[in-house]
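The values are calculated or read from the model by the stated rules, or taken from the named source; none is laboratory data. These numbers come from a predicted model, not from an experiment. So basically every Cβ, Gly included, is an ideal-geometry build from the backbone, and we count neighbours across all protein chains shown. When the accessible area is computed, the model is the full protein with side chains, heavy atoms only, and any ligands, DNA or RNA have been set aside. Shrake-Rupley method; radii C 1.70, N 1.55, O 1.52, S 1.80 Å.
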Amino acid sequence: MLPCQYACHTAPHAVSRRGFLGATAALGLGGFASAGAASELKRSQKRVLVIFLAGGVSQLETWDPKPNTETGGPFKAIQTSVPGTRISELLPHAAKRVHKLALVRSLNSVSDDHGIGEKIMLTGRRLEPGIEYPHIGAVAAKLLGGGASALPGNIQILPRGGSGFGGRDATFLGPKVAAVSLGDGKPPADLFRPKDLAGDADAAREAFRRKLNDRFARSRRSAATEAYAESYAQAERVVRQADVFDIEKESPKVADRYGRHDFGRHLLLARRLLEAGVSYVKVSHSNYDTHHENFDFHIEQLGEFDRPFAALLDDLSDRGMLESTLVVVMSEMGRTPRINDRYGRDHWSKAWSVALAGAGVKGGAVVGKTNATGTAVTDREVSSGHLFHTYLRAVGLDSTKNFYPNDRPVPVADPKAAAIEEILV
């Protein structure tokens, strides 16, 4: 898979072990449910999976093709499992499962900047002075709970060499629901006990740390010290569920269905995390910033995306989890309909597409329309705010409620927008 270095040289964000530990206090201290209860919880607990095609995937090579036009490029549009709905021939496996998907083809997300566009898509808000809004992962971890899991409620799986927001995505919701970043899909190497440290010595050391921490907390207890203490307790619980991260426990046949490349492994890990009770998982696939050779890049990237995405939908459906798991395929922007002199497409936020599946989403639905060449929305224009309301409604949450940081009401979702009712069951 190509390394995550955007063609327009977006700077990466650093992820630290301290950020990991500071973010790993997502869930409560409740004990494990019985096997029967856990099985039922797996089916009924609401979860969100975001598959983020980093760099800006082309809507014309995915969900809204325009073949035989000046902007359409070389690829055909193929029939899907929904009569009358066509998508790019680069997604043959997804095409057979469009009856499980809802396509939104009329998104205007305003910004053509990578960093700003990603924030807009993940927060459902335009940037505003004086306030940072929490990302959907932190909101999902906060409102969906998932207290039966020992794992963090907000996990992002990053490509090899990738980086994330370092736990800053929770903003005023606090570190307990901030993202835990797994580079290359693996827990930080220094999270687990070193091999040369005996178990009893580690236990004694941890008991001494707790004793000192309790003494300190009795005189100086604060939200910060509680979050710090909880992060260590959470890390201990993560260690006890280390098997969840070991995709080698899956059968070779399953691993082959997802693919032996990074994205396939990461998507398989995401399914395991969702099964283990994690409320929100974000998997990033890069690099779609195709300012040059757009078509060759999309052949390669979508070739990696298509088969494991179909395998994921099938697995969630077979396990009875799809009806309670919202799956969203998004990016930070789309690509220009105009093809540049390097056979590439540049940044384009004015008219592009996202795909959703599962939870309260109406499979087979298509909302919105762009013109014949894909340059503008001609029907049912929506923003990231409409999508954010839709995500929350799909998993049974009231998107019109408020958070109250410092006793100040802050709407959970943009009050100027509303859910896209046409794609909700």
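Some points to look at:
- Among residues of segment 302-326, those that are within 18 Å of S251 (Cβ to Cβ), hydrophobic (A, V, I, L, M, F, W, C) and crowded, with 22+ Cβ neighbours inside 10 Å, counted: 2
- Residue in segment 327-334 that is part of a loop (DSSP other than H, G, I, E, B) and surrounded by fewer than 20 Cβ atoms within 10 Å (Cβ to Cβ) present: no
- If you filter segment 304-321 down to residues that are over 15 Å from I51 (Cα atoms) and part of a helix (DSSP H, G or I), you find that the one that is farthest from the chain's Cα centre (by Cα) is D318.
- Residue list for segment 66-107, filter: part of a loop (DSSP other than H, G, I, E, B) and open to solvent by 40 Å² or more (accessible area, probe 1.4 Å): P67, N68, T69, E70, P74, K76, S81, P83, G84, E89, K96, R97
- Near pairs, Cβ below 8 angstrom, 6+ apart or cross-chain, from segment 384-410 (under 19 Å from F172 (Cα atoms) and open to solvent by 70 Å² or more (accessible area, probe 1.4 Å)) to any residue that is of a type in the set (G, A, S) and at pLDDT 95 or above: T400/A413
- Yes/no for E381 being free of Cβ contacts under 8 Å to residues at least 12 places away in the same chain and either open to solvent by 30 Å² or more (accessible area, probe 1.4 Å) or within 22 Å of the chain's Cα centre (by Cα) (or both): no
- In segment 108-143, the residues that are closer than 18 Å to V412 by Cβ, of a type in the set (D, E, K, R) and buried (at least 21 other Cβ atoms within 10 Å of the Cβ): K119, R125, K142
- Residue match in segment 350-362 (condition: surrounded by fewer than 24 Cβ atoms within 10 Å (Cβ to Cβ), assigned to a strand (DSSP E or B) and not basic (K, R)): yes
- Breaking point among (1) in a loop (DSSP other than H, G, I, E, B); (2) closer than 30 Å to L173 by Cβ; (3) at pLDDT 50 or above, for L29: (3)
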